[in-house]
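Taking it in order: structure first as C-alpha cells, then the write-up.
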Protein chains: 2
Amino acid sequence: MTKTTRSELFEFDHPCPIRDVLDRIGDQWSLLILKSLEHNAMRFNSLHREIGDISRQMLSRTLKRLEKDGYITRTVYAQVPARVEYALAELGISFLKPMNTLIQWADENHQAICRARKRQN
Amino acid sequence: MTKTTRSELFEFDHPCPIRDVLDRIGDQWSLLILKSLEHNAMRFNSLHREIGDISRQMLSRTLKRLEKDGYITRTVYAQVPARVEYALAELGISFLKPMNTLIQWADENHQAICRARKRQN
DNA sequence: CTGTATCCAAACCGATACTG
DNA sequence: CAGTATCGGTTTGGATACAG
C-alpha cells in the first residue's frame with residue numbers, strides 16, 4: 001500500500017474541474033503572475049521586481065507549474081548571459097476573462113468584506 | 001517585537017483586494033460550499049453529506065470564515081435538537097456571478113489543462 | 001443535531017546560499 | 001541573468017474524541 005498524496009492524486013484524473021483548477025491557481029502568486037503577463041512578456045527578474053514581495057523560490061516554482069499546466073510559455077534566447085522570457089499561452093489568455101471578472105468583483109466588494117469582518121469582531 | 005502572522009496581518013487593511021479575497025476564498029472548500037448554497041439554504045449535516053469528502057472540522061471552520069466575511073448567514077432555530085441553517089447573504093449572492101464565470105471556464109478548459117500536463121511529463 | 005478541541009501529516013512559503 | 005537546494009516556520013486539512 002503506497003500512500004498517495006493529494007498532489008499526486010490531483011495531478012491527473014481529477015474528478016472535479018473546478019477543484020482541479022483552483023488547487024493549482026488558487027495559491028498566493030499565480031494570479032499575480034498571470035496579471036503581470038497580461039500585456040507583455042516578461043523576464044524572470046522583471047517579474048521578481050514587479051511583484052515585489054515574492055521570493056525567487058516561489059516565483060520559480062509557480063512559473064514551472066503555470067508552464068506545465070499550459071497557462072504560460074517559457075522561451076530561452078541563446079545569449080550570454082541567458083535571456084528567458086515568459087508569456088501567456090493560449091490557455092492563459094483565455095483565462096484572463098474569468099480572472100478579470102473575479103478581480104473586478106474583488107475590487108468592488110473589498111470594502112464590504114472588510115466592514116463585515118469588523119462588525120463581527 | 002511580537003511576531004505577526006500572515007493571517008493576522010491580512011485580516012484587516014489588506015493592500016490588495018484580489019489577494020485578500022482569494023486568500024479567504026481560494027481554499028479547498030469555500031467555493032464548493034457557496035455552490036451548494038446557490039439554490040437553497042442548508043443545514044450542517046446536509047452540507048456534510050452533499051459535499052461528501054469534507055471533514056466536519058473543515059466544514060465548521062470554513063462556514064465560520066464565510067460567515068465572518070459576510071458571504072453567508074447562520075440562523076439558529078430554537079428547537080431540540082438544535083436546527084441551524086446556512087444561507088447565502090447578499091455578498092454571497094453577488095459573488096455567484098464571477099464564481100460561475102470561473103466554474104464555466106474550468107469546465108470548458110479542464111481537458112486542455114490535463115492534456116498540457118501529460119505532454120510535459 | 002451541531003459543532004469544538006486536540007493532535008498530527010502534508011502543503012505552502014520565505015531566506016539564503018549556491019550553480020551554470 | 002536565471003534559476004535550484006536546503007532548511008525551517010506557518011498554514012491547511014483530516015481523524016477522532018468530546019460537548020452542548
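The values are calculated or read from the model by the stated rules, or taken from the named source; none is laboratory data. The structure displayed is predicted, hence computed values, not measured ones. Note: ideal-geometry Cβ built from the backbone for every residue, glycine included; neighbour counts use all protein chains shown.
Quick check, is residue A:50 more than 24 Å from residue B:108 (Cα to Cα), within 13 Å of chain B (Cβ to nearest Cβ) and either of a type in the set (Asp, Glu) or not in a helix (DSSP H, G or I) (or both)?
Answer is no for this residue.
With the condition kept exactly as written, say whether any residue in the stretch A:105-117 is more than 26 Å from residue B:68 (Cβ to Cβ) and either among the β-branched types (Val, Ile, Thr) or part of a helix (DSSP H, G or I) (or both).
no
Given A:102, A:66, which one is surrounded by 19 or more Cβ atoms within 10 Å (Cβ to Cβ), within 14 Å of DNA strand C (Cβ to nearest atom) and either free of Cβ contacts under 8 Å to residues at least 60 places away in the same chain or within 8 Å of another protein chain (Cβ to nearest Cβ) (or both)?
A:66
Within the stretch B:49-70, how many residues are closer than 21 Å to residue B:89 by Cβ, small (Gly, Ala, Ser) and within 10 Å of DNA strand D (Cβ to nearest atom)?
Residues meeting the conditions: 1.
Restricting attention to the stretch B:4-44, and to residues there that are under 15 Å from residue B:64 (Cβ atoms) and modelled with pLDDT under 70, which single residue is nearest to DNA strand C (Cβ to nearest atom)?
B:7
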